[in-house]
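So the structure is just underneath, and the comments pick up after that.
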Amino acid sequence: MTQLTGPKSVDAIIIGAGFAGMYALKRLRDDLELSVVAFETASDVGGTWYWNRYPGARCDAESIFYSYSFDPELDQDWTWTERYAAQPDILAYAQRVADRHDLRRDIRFSTTVVAAAWDSTSHIWTVELDSGEHVTARFLIGAAGCLSAVQIPDIDGIEDFAGEVYHTGRWPHEGVDLAGKHVVVIGTGSSGVQLIPVIAEEAASVTVLQRTPNFTIPARNRDYTDEELETTKRTYPILRAESRETFGGAILVPPPGKAFDLTEDERKASLDARWVEGGGAFMFAFEDSLSDLEANEVAADYVRERIRDTVTDSAAAEQLTSMEFPLGTKRLCIGTDYYEAFNRDNVHLVGLRQHPIQRVVPNGVELDGPTVEADVIVFATGYDAITGPLSRIDIRGKDGATLRDKWQQAANAYLGVAVAGFPNLFIITGPGSPSVLTNMISAIEQHVDWIVDYVGQMCSNGVRSTVADATAEQEWMDHVAELAGTTLFPHAASWYTGANVPGKPAAFLPYVAGIPTFRDVCDGVAKDGYRGFIEQR
Ligand code: NA7
């Protein structure tokens, strides 16, 4: 792997070399011809797909769309074999992109940005690395991802555990031998749902400690047929153009209408069809699944019925269907044989609401009630989402105020891209952007393209620095909240709202109106001379 000792001063520093950082590097370096360096904690590119190597890890967006659109030649060269690509395939794709565009020469791997400070006199960021080195740049690009700051709950006694402890988002590269072992899994979000059925094949036992059941829709993952692959490649330019105009950056069959504009038979037919089709498009069974509670409840009850059809143990079925939030308002899980796993003799489900965790003991997890013996504890407990990755870095803007402190009050950003008080800091898919509600790579491309246009104009027009105006930022976040209020999303305490992180301010952070609307807003801001930004020459 290339290890730069590196220049001490560049035009732009990028934090992170996942899909966002890689594309930002390519465009800033190759199109604007800026000097750029990216710092990346991992030893290679790929971000989320570098870290999430747990058994069963795969994307929940369809692979033909979950890829960059900027490289049409690669669309022809690369073949996605499965409908939902597995982690090794997506990582290999990211590595191929890095090779094709010679990105690694400007990425410093195994290097973590620990601090960054803005100097208002020189209009320069100084970035401090974990090596103790300092590098300066005019622009700082936050590309640290939305789901990279792992969240491990603070449970008494964890340091006394005699076995092995893992988090899904930091899975060892060499893999983990679970054969014959007793495994406790804490967490039943997307990661737990993907992991549990796969490790159940190998482990002596898997005890799932479930605090809140989530809704899991079957992925119906399969290999693409030769004909599908041929058609996809032949029509890729059209697919890319059309997906650009869709809400989430992927083409989906539109819903047949609002739930109660359909007859009962039509409602059932739509739900049946989506269930058979599998995947996140289940939310499109009705136009108003995410805006009308009664419509949502029809779809939610349908899923509960399918769970009861599948899980033979009625007590387990009861535990798995006791969701207390509308369908899809916590991120929908897309699984393979998840509910079926609970029919295995070696998989046990324990409800933490009935039996809260007391402490970890050397041989397992002591609950209020039983003690579950374990050789291995797997935390599938998620992330400090969206703001966590940059909040964990000591980023100081004007007047020395930290981003962490600012976001501890309110996780605000203007258009998800800029933060009042932090000049020349551009964030890719920050709070108030469509990000995690859409195909991330489409959201990333939109954001990076917009940022690169702005940086290019600043360079051409002699603008030394730009910063989001605090009023514009607040108005944007008010708008984001108002739009979220027209949906059912705020009904759930989820990582979308920060509810999974103790002390995090509660707010629904993603922008719910989709990428094309968001692009129009961003382009309108640019057209108005970057309305809402304060520039200095
Ligand atoms: P998620 O979706 O945040 O799920 C985390 C799970 O861990 C969820 O079931 C939580 O239960 C559970 N959890 C978290 N803290 C605890 C404690 N202290 N005790 C018991 N259970 C706990 O993370 P994932 O990694 O699965 O998925 C993240 C995203 O990655 C996913 O949405 C996709 O976009 C990809 P809770 O619901 O909070 O009761």
Inverse of mean 1/r across different Cα pairs in region 405-501, Kirkwood, Å: 14.5
Share of pairwise Cα separations in region 262-315, more than 17 Å, in percent: 35
Amide H within-cut-off set for Tyr414, under 5 Å, with H built and near neighbours excluded: Val419, Ala420
Nearest 10 degrees, 0 to 90: helix 470-484 Cα axis against the chain principal axis: 20
Largest-first principal axis extents, alpha carbons of region 84-242, Å: 60, 56, 30
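Among DSSP bridges having both ends in the chain, what percentage is antiparallel? Round to the nearest 5. Write out the running numbers ahead of the final one.
Numbers: 28 of 67 bridges.
Counting only bridges with both partners in the chain, antiparallel ones make up about 40 percent.
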Long-range HN-HN contacts of Tyr54 with modeled amide H, under 5 Å: Trp171
Proximal lysines to Lys398, defined as alpha-carbon separation beneath 16 angstrom and excluding residues fewer than eight positions away on the same chain: Lys406
Alpha-carbon Rg with Dmax, taken over region 346-442, Å: 20.0, 58
Cα point-scatterer Debye curve for region 174-243, base-10 log of I(q)/I(0) at q = 0.15, 0.19, 0.20, 0.26 Å⁻¹: -0.70, -0.82, -0.85, -1.16
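Among Ser35, Ser460, rank each residue by its count of other Cβ atoms within 10 Å, from fewest to most, as a rough exposure measure. Kindly include the intermediate steps, with their values, before the conclusion.
Details: Ser35 14, Ser460 9.
Lowest to highest Cβ neighbour count: Ser460, Ser35.
If you wrap region 307-352's Cα atoms in a convex hull and average its projection over all directions, what's the area in nm²? Walk me through the numbers on the way to the answer.
Working: hull surface 14.7 nm².
Here the figure is 3.7 nm², rounded to one decimal.
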Magnitude of the charge dipole, the chain, Cβ model with Lys/Arg +1 and Asp/Glu -1, debye to 20: 1220
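Quote the convex hull volume per residue of the chain, based on C-alpha atoms, as a whole number of Å³. Please list the in-between numbers first.
Numbers: hull volume 80.5 nm³, N = 537.
Taking the convex hull of the Cα positions in the chain, it is 150 Å³ per residue.
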Debye equation applied to the C-alpha atoms of region 56-98, log10 I(q)/I(0) at 0.26, 0.33, 0.35 Å⁻¹: -0.96, -1.39, -1.46
Global size of region 143-214 as Cα Rg and Dmax, reported in angstrom: 13.1, 40
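Assign unit charges at the C-beta atoms only (+1 for Lys and Arg, -1 for Asp and Glu), then state the dipole size of region 89-182 relative to its Cα centre in Debye, rounded to the nearest 20.
On the way: 8 positive and 15 negative charges, 126 e Å.
The dipole of region 89-182 has a size of about 600 debye.
Order 509-516, 130-137, 172-179, 522-529 from most to least packed using the mean count of other Cβ atoms within 10 Å. Walk me through the numbers on the way to the answer.
On the way: 509-516: 22.5, 130-137: 14.9, 172-179: 11.9, 522-529: 13.4.
So the order, starting with the most tightly packed, is 509-516, 130-137, 522-529, 172-179.
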Cα-centred dipole magnitude for region 1-139, charges only on beta-carbon of K, R (+1) and D, E (-1), debye, nearest 20: 220
Whole-number Å³ per residue for the convex hull built on Cα positions in region 38-125: 137
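What value does region 413-463 have for Rg/Rh, both radii from Cα atoms and Rh as Kirkwood defines it? Could the numbers behind the result be given before it?
Numbers: Rg = 11.5 Å, Rh = 11.4 Å.
Computed over Cα atoms, the ratio is 1.01.
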The chain: calculated mean residue ellipticity at 222 nm from DSSP helix runs of at least 4, using -39500 (n - 2.57): -9500 deg cm²/dmol
15 Å Cα-Cα reach of Lys330 towards aspartates and glutamates, excluding residues that sit fewer than 8 places from it in its own chain: Asp60, Glu297, Asp384
For Ala38, net neighbour charge (Lys/Arg +1, Asp/Glu -1) across residues whose Cβ lies under 11 Å away: +3
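Give me the Å³ per residue figure for the convex hull around the C-alpha atoms of region 328-386. Let's see the in-between values first.
Numbers: hull volume 8.8 nm³, N = 59.
It comes to 149 Å³ per residue, whole-number rounded.
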Sequence ranges 20-31, 298-309, ranked by mean other-Cβ count within 10 angstrom, highest first: 20-31, 298-309
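Cut-off is 10 Å between beta-carbons; in what order do Cys146, Cys333 appear when sorted fewest neighbours first? Numbers along the way, then the final one.
On the way: Cys146 28, Cys333 21.
Least to most surrounded, the residues fall as Cys333, Cys146.
Fewest Cβ neighbours within 10 Å first, please rank Thr371, Thr111, Thr41 accordingly.
Details: Thr371 13, Thr111 22, Thr41 18.
Least to most surrounded, the residues fall as Thr371, Thr41, Thr111.
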Bins of 5 Å from zero: percent of alpha-carbon pairs in region 244-341: 2, 12, 23, 25, 19, 13, 5, 1, 0, 0
For region 449-532: Kirkwood Rh in Å [reciprocal of mean 1/r, alpha carbons]: 14.8
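Read the figures in this text as sums done on the coordinates, not as results from a lab. Every value quoted in this text rests on a predicted model; they were computed, and no experiment measured them. Methodologically, a virtual Cβ is constructed for each residue, glycine included, from the backbone with ideal geometry; neighbour enumeration extends over all protein chains shown.
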